[in-house]
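Presented below is the structure to which this report refers.
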Amino acid sequence: MVHENCGVVGIFSLHNYNVIPFVIDTLRALQHRGQESWGLAISGKQPYTRLGLVTGKAAEFQKIVKRYKSNAAIGHVRYSTFGKSSLDNAQPLKVKDLCIAHNGTIANVEELSEMVGGCTFTPQTMSDTLVAAQRLVEHMGNKKVDIADAIHILKDEMVGSFCFTFLTENNCVYAARDTKGFRPMVLGFHKETYTYIVASESCALSAVGARLIRDIKPGEIIKLSKAGVESQRFGKDRPHAHCAFEYTYFAHPSSILEHVNVYTVRKRIGQLLARKYPIRDADVVIPVPDSARPAALGYAQELGLPFEEGLLKDGYRKKGSLRSFIEPHVEDRVEINKGIISIREVINNKHVIVVDDSIVRGTSSASIIRTLRENGAKKISMIITYPPIRYPCYAGIDFPSQEELIAYQQTNDGLPNNNIAEKVSRVIGADYIAYNDISNLAEAIGIPEKDLCFTCSTGDYSPLGIKPIFKTRIQMKGEE
């Protein structure tokens, strides 16, 4: 199945303001959600899509703003977890007269594709977004219904997570969020231009000076048009299943998700971890840049330990400023990790506590440990803000195959599973590792545990309503 944990926007100006500058700026603000490709769409034209970062086309921004001038548009930044990283899979996509952008995963995409006439799905040639769009358009045509009614029908055929933005031929913008609320989506308003904006995160609203109004509710579809904002519920499903990984890694620290500020959550995670795993003989606490910084600060402050920037990203390297986890290829993740450099004066001859958001494949962590050793660290303890990741995610994060997860590798050796941290520490070269647990993380987030998704840690796929058959990375993404 094709997974997309991406960033989406949908913008409509009631005062006929050209919203394309807003689209570009909001997509740049959501770049942390996808680095592979980006695009935008307006009515009456084919979508504009490009590989790479939004800023990679900065020299063309003025031409794009003039050529795609419109008071209504949608946009997308892509991070693929299934399907190849190619321009063909870049979004928004256009099916007949409907443009669509998607953040999430359709877990039963093969089954859904069989419902679409003349559609044969392969990860090399298609994405789950395209299959869903084709099925949606079929419902609209065959049943003569609007998007809201078609989504109501489609939700019962799809298994997975989705936040969609749509643009119709009559220049209306729609946004829909799945009934579990796996991925975030918010609504905002820019007063000066009388423009409504839907986006994956509130940081996108802040980037253009818009005010956060509220979260889009799970199971809600909203329409932005000359009539303003119209809302319908196409389904309700409790408990919710908000992705806990958004709060530790994916979301921007300035964003507010489900009424909770991400930075505050991450700092509170560090404080609670300090109470749970107090390492009082350490000399310094350092974060792995950048998402672990608030947690490291919270941990250090709680125990009264020095907080220092012992690791820095080299922004002048080709990929130095990017996020390694969401890069699709191993060689790119390695290249980014090479761009993390240590400050010898901070760590030399010291017991260093390294705070990181997660350990997924172990590639980044092992590289960081080696760097710290080479620069004189005498002891390295790691505090991990997310529980051990042992199962693939089918709700939009790139854990597509179980065999690549280091925590799974260390629990699949026939030995007891209660020493995962000890086993992982030996593999990556740390002296000590302490993982967060589900209850502690839920307390820090401030959302009841039952309303959060921890499937990648627990293996409980009941929030998605599936019993998955685990596949290899080649089967999932059509590539090594």
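The values are calculated or read from the model by the stated rules, or taken from the named source; none is laboratory data. Quick caveat: nothing in here was measured; it's all calculated off a predicted structure. As a convention, Cβ positions derive from the backbone with ideal geometry for all residues, glycine included, and neighbour counts pool all protein chains shown.
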Suppose we filter the stretch 25-43 for residues that are out of contact with any Pro (no Cβ under 8 Å at 6 or more places or on another chain) and within 26 Å of Thr248 (Cα to Cα); how many remain? 13
Looking at the structure I just gave you, is Val9 under 24 Å from Ala107 (Cα atoms) and in contact (Cβ under 8 Å) with a residue 12 or more places away in the chain? yes
Which one of Cys243, Cys203 is in contact with a Cys (Cβ under 6 Å, 6 or more places away or on another chain) and not β-branched (Val, Ile, Thr)? Cys243
Sort through Ser113, Ser43, Ser86 and tell me the only one that's in the same structural domain as Cys203 (by TED's automatic domain parsing), surrounded by fewer than 20 Cβ atoms within 10 Å (Cβ to Cβ) and touching a Cys at 6+ places or on another chain (Cβ under 9 Å). Ser43
Sort out for me the helices (runs of 4 or more DSSP H) sitting completely within the stretch 401-463 that have 1 or more residues that are free of Cβ contacts under 8 Å to residues at least 60 places away in the same chain and of a type outside the set (Asp, Glu). 406-409, 420-428, 438-445
Exactly one condition in (1) at pLDDT 95 or above; (2) surrounded by fewer than 20 Cβ atoms within 10 Å (Cβ to Cβ); (3) farther than 24 Å from Pro21 by Cβ is not met by Asp237; state its number. (1)
Taking Asp178, is it of a type outside the set (Gly, Ala, Ser) and modelled with pLDDT under 95? no
Tell me, which residue of the stretch 144-191 that is charged (D, E, K, R) and under 24 Å from Gly465 (Cβ atoms) is farthest from the chain's Cα centre (by Cα)? Asp149
Looking at the stretch 213-232 only, could you name the residues that are surrounded by fewer than 18 Cβ atoms within 10 Å (Cβ to Cβ) and either closer than 24 Å to Asn261 by Cα or touching a Ser or Thr at 6+ places or on another chain (Cβ under 6 Å) (or both)? Ile213, Arg214, Lys217
In the stretch 54-74, which residues are basic (Lys, Arg) and either closer than 26 Å to Lys223 by Cβ or surrounded by 12 or more Cβ atoms within 10 Å (Cβ to Cβ) (or both)? Lys57, Arg67, Lys69
Residue within the stretch 257-275 that is acidic (Asp, Glu), surrounded by 24 or more Cβ atoms within 10 Å (Cβ to Cβ) and within 30 Å of Phe12 (Cβ to Cβ) present: no
Matching residues in the stretch 237-267 - criterion: being in a helix (DSSP H, G or I) and among the basic types (Lys, Arg): Arg266, Lys267
Test: Lys276 is of a type in the set (Lys, Arg) and either outside the structural domain of Ile340 (by TED's automatic domain parsing) or without any contact (Cβ under 8 Å) to a residue 60 or more places away in the chain (or both): no
Just name the residue that is modelled with the highest pLDDT out of those in the stretch 119-145 that are surrounded by 16 or more Cβ atoms within 10 Å (Cβ to Cβ) and assigned to a loop (DSSP other than H, G, I, E, B). Ser127
